[in-house]
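The values are calculated or read from the model by the stated rules, or taken from the named source; none is laboratory data. None of these values were measured; they are calculated from a predicted model. Quick reminder, even Gly has a Cβ in these numbers, built from the backbone with ideal geometry, and neighbours come from all protein chains shown. Please note that ligands, DNA and RNA were not included when accessible areas were found on the heavy atoms of the full protein model with its side chains. Shrake-Rupley method; radii C 1.70, N 1.55, O 1.52, S 1.80 Å.
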Amino acid sequence: MQYCIVDTDTGGLDPSVYSLLGISLIKVSPKFEKFKSLHLNLLSDPMVISPGAICANHFSFDTATIDYDTALLKITEFLGEHRYIPVGINLGNIDVPFLHKYLGINNYNKFFSSNFIDITYNYELLQSLGVIKCNSSSIASMCNTLGIEYDEYRIHESSYSSEIIRQLARALDKIITEVKSYLQKANWNSNVL
């Protein structure tokens with residue numbers, strides 16, 4: 001199975017109320033090297049967007065150009081016949097519920113595994129093991145701790161944040177690989193990671 005960075009722009013936090021505004025996908029290698037990316041700005045009728053989401057996502061009606069049916073065709077073409085393990089931040093809380101609603105559960109399951117990699121979980125696991133010395137797991141804290149430069153103004157735009165998520169995944173994968181190697185040399189069962 002292959003990996004795909006998944007991030008969405010949403011009109012709010014509840015998919016039963018708010019619109020899906022954008023989808024960003026990056027196909028990556030097992031070491032999170034970038035292969036290919038796709039970003040779609042979606043247009044629905046009606047567009048239901050909270051004022052906070054307009055600000056956070058820097059949403060503009062001028063850039064929302066693709067309807068959901070066309071988006072589904074473009075995603076199908078982009079992902080092809082492969083099924084991917086989605087990688088992201090807060091996937092289970094925000095992205096997956098919105099994608100279930102707007103792509104349909106059957107389409108989602110055609111594209112993606114039910115398992116996913118949540119960068120925040122991996123980061124917090126390394127914090128709890130004492131490998132990472134930072135008390136916060138916000139995107140800004142993760143970037144600062146792992147030495148990843150980011151634009152605070154754009155961090156909530158999926159077209160931008162999906163690349164930041166890829167860089168975070170790559171940095172965390174390197175750390176986890178080092179920890180596993182150390183544990184194996186110490187003759188400790190590293191299957192927990």
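Reachable lysines from Lys31, Cα under 17 Å, same-chain residues fewer than 8 places away excluded? Lys31 reaches Lys174, Lys180. In this label model, Ser138 and Ile54 are separated by 2.4 nm, measuring between points 7 Å along each Cα→Cβ vector. Packing, taken as the mean count of other beta carbons within 10 Å per residue, orders the peptides 89-100, 2-13 from highest to lowest as 2-13, 89-100. Note on the chain: helix-only mean residue ellipticity at 222 nm, from DSSP H runs of 4+ residues weighted -39500 (n - 2.57) and normalised by residue number, equals -12500 deg cm²/dmol. Helix 119-128 and the long axis of the chain differ in direction by around 30°, with both axes built from C-alpha atoms. Expressed as a fraction of 2.2 N^0.38 Å, the value expected for a compact globular protein of N residues, the C-alpha radius of gyration of the chain is 1.07. Rolling a 1.4 Å probe over the protein heavy atoms of the chain, with every protein chain left in place, gives an accessible area that is 51 percent carbon and sulfur. When you filter the chymotrypsin sites (Phe, Trp or Tyr not before Pro) in the range 146-178 for DSSP loop state and at most 12 other Cβ atoms inside 10 Å of their Cβ, you are left with Tyr153. Heavy-atom accessible surface of Lys34, to the nearest 10 Å², is about 100 Å², with a 1.4 Å probe and all protein chains retained. Per residue, the accessible area of the range 2-72 comes to 48 Å², computed with a 1.4 Å probe over protein heavy atoms only. Rounded to 0.05, the FRET efficiency of the Ser114 and Asn93 pair, given R0 = 22 Å and the Cβ-Cβ distance, is 0.90. Annotation for the range 102-179: GluC sites (Glu not before Pro) lying in DSSP loop with at most 16 further Cβ atoms inside 10 Å of their Cβ are Glu149, Glu152.
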